[in-house]
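Notes follow the structure.
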Amino acid sequence: MKIRIDMHVHPNLPKSEEKAVLKANEWWKALKKKNIRCIISAEHSYKDFRRNFEIMEQTAPKGFVVFPGAELITKEGVDIVAFYKDISIYKEKRMLTPYLMSTETMVSYLNRKKYAYFISHPFTLGTTSIIKNLGMKKAREIMKKSRSVEVHNASFSAVANLLERTMLSKIFRGKYEKMRKVESLPKEFWEKIKFISGGSDAHEPEDIGSFLAVEAKSLSPLGLYSAITTNKKDCFFANNKFLISSAFLSLANTFREWLAKKAYKLVH
């Protein structure tokens, strides 16, 4: 059976326990509405990723699955989403410490430990692109060694749609083309990966709607984990509903996370 899976969700829960539970329930309501039955909790490693996963797990409705993970950030500032079938991944303090390990070292370490992972949005417009930070040649060398590279990411889809509708895509052609490469990575960059990865990169419940359709025998966590990490069929459905508010929300989220990273660096 085909299971809808979003491999890139940031719960982004409030510090208040009561408000965190309320927001977690909002996430599950949005996911249920879209019939997305499984997500990877990919909270940024400079946030409270384990707490956010645990609250999402505790509030998950019957028949829905959330896997523990985090969006790691390397010494050069490259984003990598790592996840696993159980919470043992959260014992990896060095790996989870932001800006500690180089991208090359991180990928080698993840390969050795056999965690599932993918290099996030290689062409992203933000400061976390492996291509922007390491250069095309080095980036491609590392991507070839990686278990997966994010083939689909819907974070800029609404903005790209807005540019296209307003004809601004012709003025901002370079940025527009990168946004589309974030949404659908050219095959030359992912031909040798172990599994297809992709998701909404949602930071708020209203961002939900994009998903991979993965063939799985059951909804059991172990069965789903195996299905996700062996899936090589590119079957992604982007949330193409056009809302101007979604475009501005996407840009606001990108700016907010940039500020959060700056704040983390100042403190650490």
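The values are calculated or read from the model by the stated rules, or taken from the named source; none is laboratory data. Predicted, not measured: the structure shown is a model, and the values here were computed from it. Every residue, glycine among them, receives a Cβ derived from its backbone with ideal geometry; neighbour counts consider all protein chains shown. We work out accessible area using only protein heavy atoms, side chains counted, and drop any ligands, DNA or RNA first. Shrake-Rupley method; radii C 1.70, N 1.55, O 1.52, S 1.80 Å.
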Most mobile of ILE119, ILE40, ILE131 in a GNM of the chain (Cα contacts under 10 Å):
ILE131
Starting at the first residue of the range 222-232, write each ³J(HN,Hα) from the Karplus equation 6.51 cos²θ - 1.76 cosθ + 1.60 with θ = phi - 60°, in whole Hz, x for Gly and Pro.
5, x, 5, 4, 5, 5, 5, 7, 10, 6, 10
Between ASN231, ASN52, ASN111, find the one with the highest GNM mean-square fluctuation for the chain; connect C-alpha pairs within less than 10 Å.
ASN111
Counting only the heavy atoms of the protein chains, how much of LYS113 is accessible to a 1.4 Å probe, in Å² to the nearest 10?
90
Karplus-derived 3J(HN,Hα), 6.51/-1.76/1.60, for each residue of the range 209-217, Hz, glycine and proline x:
x, 8, 7, 9, 9, 10, 6, 9, 7
Got a sec? What order do LEU224, LEU13 fall in by accessible area at 1.4 Å, biggest, i.e. largest, first?
LEU13, LEU224
Note, ³J(HN,Hα) from phi for the range 61-72, Karplus 6.51, -1.76, 1.60, rounded to Hz, x at Gly and Pro
x, 4, x, 10, 10, 10, 9, x, x, 6, 8, 6
Relative contact order as a percentage, the chain, C-alpha pairs under 8 Å and 6+ apart, gives 21
30 Å tail of the calculated P(r), the chain, as % of Cα pairs
22
Can you tell me the dipole magnitude for the chain around its Cα centre, using point charges on the Cβ only (Lys, Arg +1; Asp, Glu -1), in Debye to the nearest 20?
560
What fraction of the DSSP beta bridges in the chain is antiparallel, stated in percent and rounded to the nearest 5?
55
Counting only heavy atoms of protein chains, what accessible area per residue, in Å², does the range 13-159 have with a probe of 1.4 Å?
42
Euclidean distance of C-alpha centroids, the range 84-107 and the range 1-34, integer Å:
23
Given H placed on each backbone N at 1.01 Å, which residues far from ALA116 in sequence or on other chains put an amide H within less than 5 Å of it?
PHE83
For the chain, what is the mean residue ellipticity at 222 nm derived from helices alone (per DSSP H run of n ≥ 4: -39500 (n - 2.57); sum divided by total residues; nearest 500 deg cm²/dmol)?
-12500 deg cm²/dmol
Determine the share of the chain's accessible area contributed by carbon and sulfur atoms, expressed in whole percent, with a 1.4 angstrom probe.
55
Measure up LYS62/LYS217; LYS34/LYS217; LYS85/LYS181; LYS15/LYS114; LYS137/LYS170 against 23 Å on the Cα-Cα distance and list the ones that go over.
LYS85/LYS181; LYS15/LYS114; LYS137/LYS170
For the range 95-149, the dipole about the Cα centre with charges only on Cβ (Lys and Arg +1, Asp and Glu -1), to the nearest 20 debye, works out at 220
